[in-house]
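Written below as structure tokens is the structure these notes are about.
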């Protein structure tokens, strides 16, 4: 009987972790692809979006969060930001009020309400729901410490074109300073949620960011723990789905240590057990796919800590009775756990993938069991978990190495092209071949760097004699015949490899602006100065390959969002590296196809 109990639980465990993802992939592959429409919405078609944020002692994070929201590729008149301070005892309110004044000058609607006594996140969100929900078509719930990809709100709006979708979220990326097992856990979860999205039954979203149709948003019971899951599952039925948009990225700025992650999992375990009642209450409205997803994922996750405890007890009893196989299994399990304890005590960084993975799984379920057994205590207000660390230094080191090698190779490879271009320029018009222009470089707290950027001349030598510094236009008469070709192919930028080699610029980064434009742009565009804060400007960048040359303040405004998206990628090494090479590829494509201006 004891072996039957243990084997039954082992089968359930294997199904939940190994077989369910494969079954889900098999079923999802046979479903119609629920792709997000690629056609962008017109301004009239864009829904109004309200961003709801509950804050508790967020002075360290809140300004960056508002910067992130102000940089979204979404019309200012179609969005509103609503923050409620839940009994904050630090300077959160002062920071928000200061930044809000600047946002209002840029016609970005931002409000701040204050609850005097810290009563918990759910209470704070209920306050915002009651006060502002009716003003919007879509409500986005997000944490202060979570930064969203630059087109997040745009992607939310595009996803919601499907009237059956009532909730949507995307890929959650933990802070790169968090322990490795947490990163692997979220890779697994993102993959599962993407597949569940094909069946319209994503089992809850990361509370860091999820969006819902406003009419589906409800006020929650005060003691609700996993508010994100309960909100979503309460809105799902046979005709309404929860979707997953893989184009959305949510980057966590808090870095949990192993101890902090354990405490968080205790709370999540309590929440998973608590929400079983919500699932069974809503289950009568589920379709077959939703039934499969919720039973196989959230229900099993909620009861798994208890099942594993029962299975372990059964195995222990068998071992005590002298069963050799049970004794071997118990000894193996204890040995693996002992290795994990030794690593933790002595802070060894030796990576043992299988052993580390098993220990993380065991500790997670042990934490969840504690949460279930202590469920009654989880009606206390929330507390800040961790502090964010500075940008990863090895990204800067790696980036400089790539810049130096890339610039050196670029100068060698493209010197013949630059020579031919120089001869053509000389034959086509009067003036010097190389044109240098003063630009604003990297900005730090104590200084602003001014650099000379070198380019092959594409305009008449006296192009700005009468007008002064002005933006180039698409059919600018000042551009020479050869210059027009050089700009289309971006060959005119090649001398900037010298700037990169000297360390004034990077291969990839935000474009440096001219000082004569700077004060105007800084006054008209929110957070314009932060586009090059601590980062060298680049020859190419995400903004250049997405937008091209600037012709107006509005063009620069659109580019700021892309520049910020690139800066955001630098919070994680893998994300930065992928974007770096993607921009290089897109730049080569622009040059080969002549899509420059």
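The values are calculated or read from the model by the stated rules, or taken from the named source; none is laboratory data. Not measured: the values here are computed from a predicted model. Note: ideal-geometry Cβ built from the backbone for every residue, glycine included; neighbour counts use all protein chains shown.
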*Given the stretch 100-194, what strands (runs of 3 or more DSSP E) lie entirely inside it while holding 1 or more residues that are at pLDDT below 90?*
146-148, 165-173
*Could you tell me which of the residues 456, 419, 408 is modelled with pLDDT of 85 or more, surrounded by fewer than 18 Cβ atoms within 10 Å (Cβ to Cβ) and touching a helix residue (DSSP H, G or I) at 6+ places or on another chain (Cβ under 9 Å)?*
408
*Please determine, by comparing only the residues of the stretch 84-118 that are crowded, with 18+ Cβ neighbours inside 10 Å and touching a residue at least 60 places away in the same chain (Cβ under 8 Å), which one is nearest to residue 58 (Cα to Cα).*
86
*Scan (1) outside any helix (DSSP H, G or I); (2) more than 23 Å from residue 241 (Cα to Cα) for the single condition residue 203 breaks and write down its number.*
(2)
_Kindly evaluate residue 320 against the criterion of being free of Cβ contacts under 8 Å to residues at least 60 places away in the same chain and closer than 30 Å to residue 230 by Cβ._
no
*Do any helices (runs of 4 or more DSSP H) lying entirely in the stretch 1-87 carry at least 1 residues that are modelled with pLDDT under 90 and within 24 Å of residue 135 (Cα to Cα), and which ones are they?*
62-70
